[in-house]
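To start, the structure itself, in structure tokens.
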Amino acid sequence: DTGVSQNPRHKITKRGQNVTFRCDPISEHNRLYWYRQTLGQGPEFLTYFQNEAQLEKSRLLSDRFSAERPKGSFSTLEIQRTEQGDSAMYLCASSFGTGGYTFGSGTRLTVV
Amino acid sequence: DQQVKQNSPSLSVQEGRISILNCDYTNSMFDYFLWYKKYPAEGPTFLISISSIKDKNEDGRFTVFLNKSAKHLSLHIVPSQPGDSAVYFCAALNSGGSNYKLTFGKGTLLTVNP
């Protein structure tokens, strides 16, 4: 069990560029979550997968955001046409059934 | 609309003393509560949880108290150690929901001074 892995750890991008983050959950976990944390705030729910099905998306997830979890394994979160307001820590977490969450170390995005 | 509130942005205590971190919630559907600890540049790590059918849960130096009628919970750390210095997040969920998503407070920065 190597925990939840997120890549990259840091990403600096110019406004208007597209970025993609990857999350590798704990292998036997069927649930995968994306959260976003901005400065001075707690993590905010973005979206949730059970196996490969995306079952819920927050209204925070605008049309510029898309998440996938092909084959129910790793997940990607893509942000198109990034804006400065997208600068945040993007956290991935996984769980099995109703068990506790394990969070990854996050990807810190800075849009300049 | 902050459904989970941590009204103290920071707390400073001396090593060996008790740290008490507070959390209030407004959503009556929340029935399971968790505390997470977060160091800079790392993801949150789970500390302790409590179900709404209990009023206290203890794990080593950490105890969580839940007052359902007041919609209030607190985390007690005794004795506090310098390594406990971190941001502490209170989180809540509705276990009857289908997605188990967590609603977090804004966090409290705990500093334990040697």
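FYI, it's all coordinate maths here, none of it is from the lab. As the structure is a prediction and not an experimental result, all values here were calculated from the model. Every residue, glycine among them, receives a Cβ derived from its backbone with ideal geometry; neighbour counts consider all protein chains shown.
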- Task: Can you spot the lysines whose alpha carbon is less than 19 Å from B:K5's alpha carbon? Ignore those fewer than 8 places along the same chain.
- Result: B:K37, B:K38, B:K68, B:K71, B:K101, B:K106
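Could you work out the local net charge near A:K14, counting Lys and Arg as +1, Asp and Glu as -1, over the other residues with Cβ closer than 14 Å to its Cβ? Intermediate results must be reported in sequence, preceding the final value.
Details: positive: A:K11, A:R15, A:R81; negative: A:E83, A:D86.
Surrounding charge for A:K14 is +1.
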- When only C-alpha pairs under 8 Å and at least 6 residues apart count, what is the relative contact order of region B:48-109, in percent? 20 percent
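Using the eigenvalues of the Cα gyration tensor, what equivalent ellipsoid semi-axes result for chain A when each is taken as the square root of five times the eigenvalue, whole Å, largest first?
On the way: eigenvalues 101, 39, 33 Å².
So the three semi-axes of chain A are 23, 14, 13 Å.
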- Among B:63-75, A:4-16, B:24-36, what's the highest-first ranking by average C-beta atoms within 10 angstrom per residue? B:24-36, B:63-75, A:4-16
- Contact order normalised by residue count of chain B, Cα under 8 Å, 6+ apart, percent: 37 percent
- Message: Could you give each residue of region B:75-85 its phi-based ³J(HN,Hα) in whole Hz, using Karplus coefficients 6.51, -1.76, 1.60 with θ = phi - 60°, and x for Gly or Pro?
- Response: 10, 10, 10, 9, x, 6, 10, x, x, 7, 4
- Each residue of region A:23-33 in order: what ³J(HN,Hα) in whole Hz does its phi give by Karplus 6.51 cos²θ - 1.76 cosθ + 1.60, θ = phi - 60°, with x for Gly and Pro? 10, 10, x, 5, 4, 8, 7, 9, 9, 9, 10
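Expected output is a single nm value to one decimal: the length gained when fully extending between A:S87 and A:S58, i.e. 0.36 nm times separation in residues minus the C-alpha distance. What is it? Walk me through the numbers on the way to the answer.
Working: separation 29, 0.36 × 29 = 10.44 nm, distance 1.75 nm.
Result: 8.7 nm gained on full extension.
Output the relative contact order of region A:17-89, whole-number percent, from Cα pairs under 8 angstrom with separation of 6+ residues.
On the way: 130 pairs, mean separation 26.7, N = 73.
Answer for region A:17-89 is 37 percent.
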- Largest first and rounded to whole Å, the semi-axes √(5λ) derived from the alpha carbon gyration tensor of the protein assembly as shown read 30, 20, 16
- Task: For region B:87-103, take each phi angle, set θ = phi - 60°, evaluate the Karplus expression 6.51 cos²θ - 1.76 cosθ + 1.60, and give the result in whole Hz per residue in order, putting x for glycine and proline.
- Result: 8, 10, 10, 8, 9, 9, 8, 9, 5, x, x, 8, 10, 6, 7, 9, 10
- Placed amide H near B:D31: partners under 5 Å, 5+ positions off or other chain: B:L93, B:N94, B:S95
- Zone of B:K68's modelled label, taken as backbone nitrogen in region B:14-36 under 19 Å from a point 7 Å along Cα→Cβ: B:23-35
- Message: Output needed: percent of Cα pairs per 10 Å distance bin for chain B, bins running from 0 to the one holding the longest distance.
- Response: 15, 48, 30, 6, 0
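In what order do A:E44, B:E42, A:E28 fall by count of nearby beta-carbon atoms within 10 Å, going from fewest to most? Before the final figure, lay out the partial values.
Details: A:E44 18, B:E42 14, A:E28 8.
In increasing order of surrounding Cβ atoms, one gets A:E28, B:E42, A:E44.
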